[in-house]
1. What is the residue count in region 278-289 for residues that are touching a residue at least 40 places away in the same chain (Cβ under 8 Å) and buried (at least 20 other Cβ atoms within 10 Å of the Cβ)?
2. Assigned to a helix (DSSP H, G or I) and under 13 Å from V136 (Cα atoms): which single residue out of A97, A88 fits that description?
3. Among the residues of region 58-113, write down those that are without any contact (Cβ under 8 Å) to a residue 40 or more places away in the chain and among the β-branched types (V, I, T).
4. Report yes if A227 is modelled with pLDDT of 85 or more, assigned by TED's automatic domain parsing to the domain that holds N324 and out of contact with any strand residue (DSSP E or B) (no Cβ under 8 Å at 6 or more places or on another chain), otherwise no.
5. For region 136-152, check the following and say yes or no: at least one residue is in a helix (DSSP H, G or I), in contact (Cβ under 8 Å) with a residue 40 or more places away in the chain and hydroxyl-bearing (S, T, Y).
6. May I ask you to verify whether S303 is among the polar types (S, T, N, Q) and either at pLDDT below 85 or under 24 Å from E220 (Cα atoms) (or both)?
7. Filter region 33-59 down to the residues that are within 27 Å of L91 (Cβ to Cβ) and aliphatic (A, V, I, L, M), then identify the one that is modelled with the highest pLDDT.
Amino acid sequence: MALHATGSYSIDAMSGPKSQRRLPREAMWFFVFAPPLLAFLFDPHCVLSFDNMVRAWLALTLYTLVTGFAVHEGFEWLAPRIDGLPLALRLVAHATATCVIVAVGTFAQYRIIGFIYPEIGEDLAGVIWRGTLVSVVYLAVAAFIGGLQRQAVAERMQAHLEKTAALEARLQMLQAQMQPHFLFNSLNVCAGLVHTAPDAAEATIDKLSAFLRYTLESSERRLVPLADELRAVGAYLDIQQERFGDRLRHEIIAPTPEDPAPVLPPMLLQPLVENAIVHGLSAESGGLVRIECQRIGERFEISITDSGGSAAPARAGTGHGQRNVRERLRLVFDDAAELRCGVAAGGGYVSRVSLPLKGVS
């Protein structure tokens, strides 16, 4: 969600504009295209012949480029040093500095200008006056344009901050929706084991504690490493296996630590795994829940497949979890990530989460 403004200002993050220039550098093109107009201002008779017009244009192009660049850089050098002064004093300081720069620049170039265009005569004071007038007009227009640019950047930054705050609030709400649902199901598993298998109940409570610790620690994080999410999902499957026993088998094929892996919103995979367990093990013999992670070019795919009896693309009860996952993916990755669900090639049901390896908004 990076923002870019036109001109010399840009916002790549929350830190604000990187450039500290007070004037847009694009405005300096004025000193390239203005000489034909200035030639007539300096000497109306220059248009009487083509030779005069060319020499006047060459002389004034040199003059405006050198003087204009000096005026522009002088303004930028002085501006941050007098920021704390009242407006009237700043205007006086800029006007004085501009007059001095134009006078010194004109005096230094006057012989060269006179050599290229002798018709200018011995009017050094007139050249300084006209040069100062043109420079002041340039500074006024350039400062006005620069102010509009800064205002546009500030408005875009404010809109970006407001949008980011709204997205973060929405993400936290969606994540919070999953935690009570998971806790309710997991406590039911533990309650069923307390009397029949106390040791298993204790082990399950330990796994539940580790999982809840993960949910709490990640609740303030927008994104988590894939390895952390897979460990949490593994703990969840272990808890559910205590409930279903031999009817539930699970397998996680994770990338090696050396392989590139994406980041993703915390608790993103849990509702998909829960759907695979609830709806995929309807057969009497139970089934397998398989999680496979693989890189495909510059993208990463996480497949959650079950071997259950119902393979209809739109299972009853899967809608809420899938909507939650899709909404969180959209808020974090825009259109760069997606969730695809449907019939698996060998039967059962598969949910595929496709993520970019880079470029999180």
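1. Of the residues in that region, 4 qualify.
2. Only one candidate qualifies: A97.
3. Answer for region 58-113, where residues must be without any contact (Cβ under 8 Å) to a residue 40 or more places away in the chain and among the β-branched types (V, I, T): T61, I82, V92, T96, V100, I101, V102, V104.
4. Yes, satisfied.
5. Looking for residues that are in a helix (DSSP H, G or I), in contact (Cβ under 8 Å) with a residue 40 or more places away in the chain and hydroxyl-bearing (S, T, Y), one finds at least one in region 136-152, hence yes.
6. no
7. The extreme case among them is A34.
Residues checked against (1) modelled with pLDDT under 75; (2) touching a strand residue (DSSP E or B) at 6+ places or on another chain (Cβ under 8 Å):
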position	(1), (2)
P118	no, no
Q151	no, no
A154	no, no
M157	no, yes
M173	yes, no
H181	yes, no
F184	no, no
A197	no, no
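The values are calculated or read from the model by the stated rules, or taken from the named source; none is laboratory data. This is a predicted model, so every value here is computed, not measured. Don't worry about glycine lacking a Cβ; one is built from the backbone with ideal geometry, like all the others, and counts go over all protein chains shown.
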